[in-house]
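Undergrad: Right, I'll just put the structure down here and ask away after.
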Amino acid sequence: WDNADFSRGVGTTFYQEFSTLNTAKPPFVRDVEAKVRRYLRSSYSAAWTLKITWEKAPVYTAWTDTRKTITYQAVLTTDGFRSYILMLYQDGGMQWDYTRLTSTNVLIGYT
């Protein structure tokens with residue numbers, strides 16, 4: 001995500017926090033819990049979740065081309081003992097032209 005460039009006024013970042021320790025869980029949090037359970041095959045009940053959305057983010061440097069944008073999310077969640085991250089990308093994957101980036105060792109995800 002270090003190659004997103006919002007300096008030209010293109011794209012937006014949103015976030016939403018869900019503190020669900022002692023409250024009813026909204027459908028989004030229940031969906032996150034279901035994904036963690038399904039992918040990791042373990043019980044999980046979220047106490048806190050943060051959803052961050054980068055919408056129509058242009059690649060760095062935005063002055064070269066603001067037409068190729070990408071929308072993606074990171075969802076951080078914890079039960080107070082274990083923490084997880086879900087990284088979600090728009091259908092079709094990364095839309096940036098990675099051949100124009102200054103770095104050639106490009107990754108989607110994390111290492």
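Undergrad: In region 3-32, how many residues are at negative phi, in contact (Cβ under 8 Å) with a residue 24 or more places away in the chain and not aliphatic (A, V, I, L, M)?
TA: Looking only at that region, the number is 14.
Undergrad: In region 2-18, how many residues are surrounded by 15 or more Cβ atoms within 10 Å (Cβ to Cβ) and within 13 Å of the chain's Cα centre (by Cα)?
TA: Of the residues in that region, 1 qualify.
Undergrad: With the structure loaded, tell me whether G93 is at pLDDT below 95, open to solvent by 30 Å² or more (accessible area, probe 1.4 Å) and not basic (K, R) or whether it fails that test.
TA: It is false that G93 is at pLDDT below 95, open to solvent by 30 Å² or more (accessible area, probe 1.4 Å) and not basic (K, R).
Undergrad: Please name all residue pairs, on different chains or six or more residues apart, with Cβ atoms under 8 Å, provided the first residue is in region 66-84 and is without any contact (Cβ under 8 Å) to a residue 12 or more places away in the chain and the second residue is open to solvent by less than 50 Å² (accessible area, probe 1.4 Å) and not hydrophobic (A, V, I, L, M, F, W, C).
TA: Here the result reads S83/T77, each pair linking region 66-84 to a residue that is open to solvent by less than 50 Å² (accessible area, probe 1.4 Å) and not hydrophobic (A, V, I, L, M, F, W, C).
The values are calculated or read from the model by the stated rules, or taken from the named source; none is laboratory data. From a predicted model like this one, the values you see are computed outputs, not experimental measurements. Cβ: placed from backbone, ideal geometry, glycine included. Neighbour counts: every protein chain shown. Quick note on the areas: whole protein, heavy atoms, side chains included, nothing else; ligands and nucleic acids left out. Shrake-Rupley method; radii C 1.70, N 1.55, O 1.52, S 1.80 Å.
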